[in-house]
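The values are calculated or read from the model by the stated rules, or taken from the named source; none is laboratory data. Note that this is a predicted model, so its numbers are computed, not measured. Cβ sites come from the backbone with ideal geometry, for glycine too, and all protein chains shown count toward neighbours. Protein only, heavy atoms only, side chains kept; ligands, DNA and RNA dropped before computing areas. Shrake-Rupley method; radii C 1.70, N 1.55, O 1.52, S 1.80 Å.
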Amino acid sequence: MKFTFKVGWKIGNVTADARLRVQQQQRKLKTQRLWRRQCERAKRRQSQSGSNAATKCDPLAQKHNRKALLIKRTCTEFIAQMELLHRQIDKPPKALPKSKKSNFQQDGSFHQAVGKVLLFAEFFAFMPIKGVTTAHPRQLSFSLKNLRTWYCLIFIMTTTIDLGLTMIKVLPKPINFNGVEPLIFRLSIIVVCSSAIVLARKWPALMLDWHEVECDLPEYLTQIEKGRLAYKLKMVTVVAMALSLAEHLLNITSHIIYSNSCPQTNDRIRDFFILTNQHLFELFPYSIYLALWGKTQNILCTFIWNYMDVFVMIVSIGLAAKFKQLNDNLYKFKGMRMPEEYWSTRRKQYRNLCELCTRVDAAISVITMISFSNNLYFICVQLLRSLNKMPSFAQAAYFYFSFFFLIGRTLAVSLYSASINDESRKPLRILRCVPKESWCTEVKRFSEDISSDLVALSGMKFFYLTRKLVLSVAGTIVTYELVLIQFHQESKLIECNSPFMRNGSRH
């Protein structure tokens with residue numbers, strides 16, 4: 001029935017359009033015939049007016065001649081205008097440019113796959129690069145005069161002011177491990193945003209180098225393989241940001257419930273903003289504009305705090321995908337006799353990928369360092385807070401959701417980053433299956449490169465992101481937590497004086 005309704009609707013539209021066009025043509029012909037008759041009558045009157053001599057002598061004839069000439073000129077102009085008007089009416093409407101199949105297909109490049117992810121980040125003052133959604137990385141550019149860059153610089157300046165106000169609130173009090181959380185949170189945001197601007201200057205050249213390495217790799221054979229990288233990056237970003245949004249909404253809900261349970265004024269909205277921006281309203285009188293600025297600043301900081309982990313993940317996924325692209329080609333010829341030129345080409349491609357990984361690591365190592373150190377600190381803080389009793393169900397729901405989301409995000413960053421090292425070592429298994437008839441110097445050099453090189457991202461060379469790091473981080477967290485528990489004193493929480501709500505959390 002739905003199909004029949006659609007077909008009937010389309011047939012009705014086509015019939016109505018045809019009927020309208022026929023009516024327009026009939027009106028056009030009728031108007032042309034009418035004015036053609038009037039013009040012919042004017043010409044006949046002019047021919048009956050007499051000779052030129054009589055016309056010159058007779059003033060009445062001259063007046064009639066001028067009138068006939070004016071009518072003729074008016075008729076000619078009107079017919080020309082009507083023909084032009086009907087030509088424009090009969091002209092088919094301008095259609096939108098036809099979409100090409102290539103507009104919806106991926107070419108398998110990292111630049112095209114990561115474009116929309118970076119465009120999404122620019123709305124939150126991160127990575128101010130122009131041309132992230134273009135077809136080729138040569139169209140990327142960075143400029144200090146760009147509006148995106150000014151937006152990021154203004155955000156860094158306002159966050160610095162926010163950090164100063166937080167220091168005025170926190171530093172006069174006794175400093176403890178839990179109390180410096182707002183300072184560490186805002187300071188890390190400033191460092192990450194500043195590093196992102198420095199990275200944005202290097203990004204066009206880095207993407208050109210990445211594109212050159214990609215073009216030299218074995219080509220993808222199907223469109224599914226080309227679109228797999230873009231799909232994976234989008235899904236990782238959407239899932240991480242959706243969970244981050246859910247965490248922030250739970251935080252807002254817990255603050256609303258707390259402000260309603262423990263009102264300070266008669267205005268519940270004012271109570272909510274005072275609770276979420278205590279460092280502002282301890283120094284300044286309450287203002288709705290100042291409250292909105294503080295909440296906007298908090299939303300942007302929360303997004304960037306989550307996005308820096310996502311950024312490390314998408315770069316790691318991109319590099320691991322390129323190593324996998326090379327490994328898939330090697331697996332096709334596993335155990336087969338291949339000429340020395342084949343192994344020489346593959347070894348050169350592997351070396352190019354290793355050098356690309358080194359350049360990318362040098363560009364994003366500061367962001368990687370801040371990401372892991374932040375996660376380590378906040379996991380310890382959350383574990384320490386878990387020893388306290390939660391004041392309400394809403395606060396408990398927010399706390400445990402935030403805690404498990406933080407652990408899951410840290411684990412995801414570690415595993416995705418470690419996949420680069422895992423993929424870089426897989427060719428060694430293939431080289432061990434090379435027949436002795438095909439064994440040559442290039443195969444030997446290839447295997448030595450894989451065995452001796454450590455291909456992985458790092459945190460400013462202090463640590464390398466491999467699978468061993470996951471166990472090291474877990475052991476470090478347990479060690480720190482055992483030390484902190486010895487100095488921890490359980491807070492006696494009462495309903496309206498909860499340190500959980502008044503310690504100035506990052507949200």
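Points to keep in mind about this one:
- Residues within the stretch 187-197 that are farther than 20 Å from Phe123 by Cβ, open to solvent by 20 Å² or more (accessible area, probe 1.4 Å) and touching a residue at least 40 places away in the same chain (Cβ under 8 Å), tallied: 1
- Only listed residue being β-branched (Val, Ile, Thr), modelled with pLDDT under 90, within 23 Å of Leu292 (Cβ to Cβ) and open to solvent by 20 Å² or more (accessible area, probe 1.4 Å), chosen from Ile154, Ile168: Ile168
Condition check ((1) open to solvent by less than 50 Å² (accessible area, probe 1.4 Å); (2) modelled with pLDDT under 90; (3) not in a helix (DSSP H, G or I)) across all residues:
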| residue | (1), (2), (3) |
| --- | --- |
| Ile256 | no, yes, no |
| Ser259 | yes, yes, no |
| Asn266 | no, yes, yes |
| Phe272 | yes, yes, no |
| His279 | yes, yes, no |
| Gln297 | yes, no, no |
| Leu300 | yes, no, no |
| Tyr307 | yes, no, no |
| Leu319 | yes, no, no |
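- Yes/no for Lys324 being in contact (Cβ under 8 Å) with a residue 12 or more places away in the chain, under 27 Å from the mean Cα position of the chain (by Cα) and open to solvent by 20 Å² or more (accessible area, probe 1.4 Å): yes
- Some residue of the stretch 225-234 being within 27 Å of Ala363 (Cβ to Cβ) and open to solvent by less than 10 Å² (accessible area, probe 1.4 Å): yes
- From Pro182, Pro137, residue being closer than 22 Å to Ile304 by Cβ and open to solvent by less than 20 Å² (accessible area, probe 1.4 Å): Pro182
- Members of the stretch 437-457 found to be of a type outside the set (Lys, Arg) and free of Cβ contacts under 8 Å to residues at least 24 places away in the same chain, listed by number: Trp439, Ser447, Glu448, Ser451, Ser452
A quick yes/no check of all residues on (1) touching a Leu at 6+ places or on another chain (Cβ under 6 Å); (2) closer than 21 Å to Tyr220 by Cα:
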residue	(1), (2)
Ala320	no, yes
Ser344	no, yes
Leu353	no, yes
Ser371	no, no
Leu406	no, no
Leu415	no, no
Ser419	no, yes
Pro427	yes, yes
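- Test set (1) over 30 Å from His279 (Cβ atoms); (2) surrounded by 17 or more Cβ atoms within 10 Å (Cβ to Cβ) - Leu221 fails condition number: (2)
- Breaking point among (1) more than 20 Å from Phe155 (Cβ to Cβ); (2) buried (at least 16 other Cβ atoms within 10 Å of the Cβ), for Leu283: (2)
- Taken across the stretch 193-214, residues that are closer than 24 Å to Thr296 by Cα and outside any helix (DSSP H, G or I) do not occur at all.
Quick grid of which residues meet (1) without any contact (Cβ under 8 Å) to a residue 40 or more places away in the chain; (2) open to solvent by 20 Å² or more (accessible area, probe 1.4 Å); (3) closer than 22 Å to Ala242 by Cβ; (4) in contact with a Lys or Arg (Cβ under 9 Å, 6 or more places away or on another chain):
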site	(1), (2), (3), (4)
Ala363	no, yes, no, yes
Val366	no, yes, no, no
Ser373	no, yes, no, no
Val381	no, no, no, no
Ala412	no, yes, yes, no
Ser417	no, no, yes, no
Ile420	no, no, no, no
